[in-house]
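Q: I am attaching a structure below and will ask some questions about it afterwards.
The values are calculated or read from the model by the stated rules, or taken from the named source; none is laboratory data. Just so we're clear, the structure is a prediction, and the values are computed from it rather than from any experiment. Glycine gets a Cβ as well: all are built from the backbone with ideal geometry, and neighbour counts include every protein chain shown.
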């Protein structure tokens with residue numbers, strides 16, 4: 001009997017995925033747990049392994065198509081089993097089992113399509129805010145997406161006619177001489193989600209950025225003194241992120257609004273510190289979360305970030321490892337950025353941008369000295385965080401880094 005290849009459970013709030021690529025062709029032999037197909041979701045890219053040894057007998061969904069959880073992607077057959085199964089006169093026609101199986105496989109999606117999935121979380125939020133009911137949408141199996149809810153709300157209100165002006169203007173025609181020099185590449189699910197979430201953050205939050213600069217002399221001297229001993233004992237290099245996470249946690253404890261978020265007409269203050277660390281990959285930006293960072297040592301933080309970074313680059317991060325963050329740190333300095341205004345990672349109310357360490361002349365004690373300086377940028381949601389709180393938070397981070405002994409003494 002053929003073994004079915006189906007879309008696995010993708011994680012909380014993830015109901016569909018896009019086929020990225022098939023690693024095998026029909027007729028290829030595969031081994032159990034060998035990757036067969038790559039699925040792109042709006043949070044992470046995952047690989048679907050072969051359930052058993054066998055041969056890839058058919059591919060039902062091609063690259064670029066969108067599928068729901070549990071959808072049939074293809075099947076595996078075994079050469080030995082294939083000879084035994086069609087005992088009743090079907091042995092002479094191997095094609096017959098495949099054709100006989102096809103109606104069942106075509107009927108399979110009909111079962112999954114019968115119940116309409118609940119609205120997506122973003123759509124449910126719009127429906128709750130506007131009170132406009134939407135029976136079916138443009139998503140897979142009729143799921144209501146945010147665009148459907150927004151369109152329904154706009155149709156139900158007098159101001160709806162003004163809304164169509166919001167979409168971007170159509171792309172102007174390309175000169176004939178340039179037409180052949182362009183390449184169109186379909187956006188991955190992850191890239192589409194990154195674009196949508198960043199734009200939603202700008203549209204929803206009252207976002208503002210405040211800046212400061214930190215003298216990294218103390219942290220760099222500490223690293224230089226103990227980096228070899230630290231790596232020998234803990235098996236991981238002593239970087240800057242451990243210091244920054246610790247400095248941020250202490251500042252969050254003093255200014256809890258920066259660790260809060262808005263839920264409807266309520267503010268949720270969180271007495272735990274799950275710090276997201278933005279990691280760039282070849283498929284886009286992902287933000288794994290260091291949970292309970294206040295309970296970890298600098299060594300523990302560095303180990304966790306190192307592990308996340310490697311797995312992010314290999315595409316092995318799990319969805320649950322990127323959920324539940326309360327504050328985010330983004331280090332554009334590793335790419336040479338001197339200053340930037342990071343965009344909030346909704347629904348969080350704050351994100352800290354680190355930048356390139358650059359030697360600059362500074363006045364210290366009435367004298368000009370060359371110091372390793374770094375600009376810090378805190379983007380925050382002004383609906384939650386007042387300007388005074390934002391500036392105070394950034395000053396505390398600066399103080400903790402310029403006097404790293406404060407991190408050890410919990411001052």
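Q: Quick check on segment 251-259. Is at least one of its residues modelled with pLDDT of 90 or more, under 31 Å from the mean Cα position of the chain (by Cα) and closer than 13 Å to residue 298 by Cβ?
A: no
Q: Would segment 335-346 turn up any residue that is in a helix (DSSP H, G or I), at pLDDT below 90 and assigned by TED's automatic domain parsing to the domain that holds residue 262?
A: There is at least one residue in segment 335-346 that is in a helix (DSSP H, G or I), at pLDDT below 90 and assigned by TED's automatic domain parsing to the domain that holds residue 262.
Q: Among the listed residues 278, 299, 312, identify the single one that is buried (at least 18 other Cβ atoms within 10 Å of the Cβ) and either within 22 Å of residue 204 (Cα to Cα) or modelled with pLDDT of 90 or more (or both). Please lay out each step first, then the result.
A: Working: 299 fails: buried (at least 18 other Cβ atoms within 10 Å of the Cβ); 312 fails: either within 22 Å of residue 204 (Cα to Cα) or modelled with pLDDT of 90 or more (or both).
None of the other options fit; the residue is 278.
Q: Which pairs do you get when a residue that is at positive phi, found in segment 3-19, comes within reach of a residue that is modelled with pLDDT of 65 or more and surrounded by 15 or more Cβ atoms within 10 Å (Cβ to Cβ), reach meaning Cβ atoms under 6 angstrom, with the pair 6+ apart or on two chains?
A: 11/319
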